[in-house]
Structures are given as structure tokens and as C-alpha cells.
Amino acid sequence: MVATQETSLNAIAVKLADMLALQELLISNEQTLLPACSSDEKIASTLREINAEDQENLQTIRAAISELGVTASPQQKTQEMASKVKAMMSSDQLVLHYFFMQHQ
């Protein structure tokens, strides 16, 4: 029974680590996109609101990890996907609307 509970806690910890990695990726992308859309106040304002909500979500995920008391690393596939998205977002070959599409 103890092993089952420990296995469950570890599985939850991995899912939370995945969520944390993806939330941090979203926030990073939003912060990258914000200066690029500063000429359109409506888009910039909406992006700032989304970023504020994502910052709150990040704090919620961190609180859940802290309460769980078990930490884990994100799954390899999550890390690989995040790495690919970061590479796409840093590419100078994409135009702004493609960056937003990738972010979505």
C-alpha cells in the first residue's frame, strides 16, 4: 500500500513538473512577444493580461508542488517539446503572426 501511494505521489509530481515547465514556457514566450507588439496597444494589453494570469497560474502550480512535498523533473517529451518551441520562438525566420500562432 505504501508503494502504491508513493507511486501515485511521484506520478502527480511528474505531472506538476510538466505543468510547471509548460507554464514557464508560456510566460517566456509572452515576454518575448510583448516588445514585438508594442505598436498595437490592444494586442499588447491583451498579452499583458494573459501574462498576469499565467504568472498567477505559475504561483498556483508552485504552491501545489510545495504542498505535495515531492519534486520531480518534467518528462523527457515535455522537455523536448519545450526546447523545440524555444528554438522556433528564437528563430529570425518567423514573422510576428507566426510567433503568436506557435505560442497558441
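Setting aside same-chain residues fewer than 8 positions from Lys86, which aspartates and glutamates have a Cα under 16 Å from its Cα?
Partners within reach: Asp18, Glu24, Glu30.
Using 7 Å Cα-to-Cβ label points, what is the Leu68/Ser39 separation (nm, one decimal)?
4.4 nm
Please state, rounded to one decimal and in Å, the Kirkwood hydrodynamic radius that the stretch 2-103 gives when every pair of distinct Cα atoms enters the mean of 1/r.
Taking every pair of different Cα atoms in the stretch 2-103, averaging 1/r and inverting gives 15.1 Å.
Apply 1/(1 + (r/R0)^6) to the Cβ-Cβ distance of Ala87 and Asn57, taking R0 = 35 Å, and write down the FRET efficiency to the nearest 0.05.
The formula returns an efficiency of 0.90 here.
Since every read-out is calculated from the coordinates, none of them should be taken as a lab result. Owing to the predicted nature of the structure, the values given are computational and were not obtained by experimental measurement. When we count neighbours, we look across all protein chains shown, and the Cβ atoms used for this are built from the backbone with ideal geometry, even at glycine.
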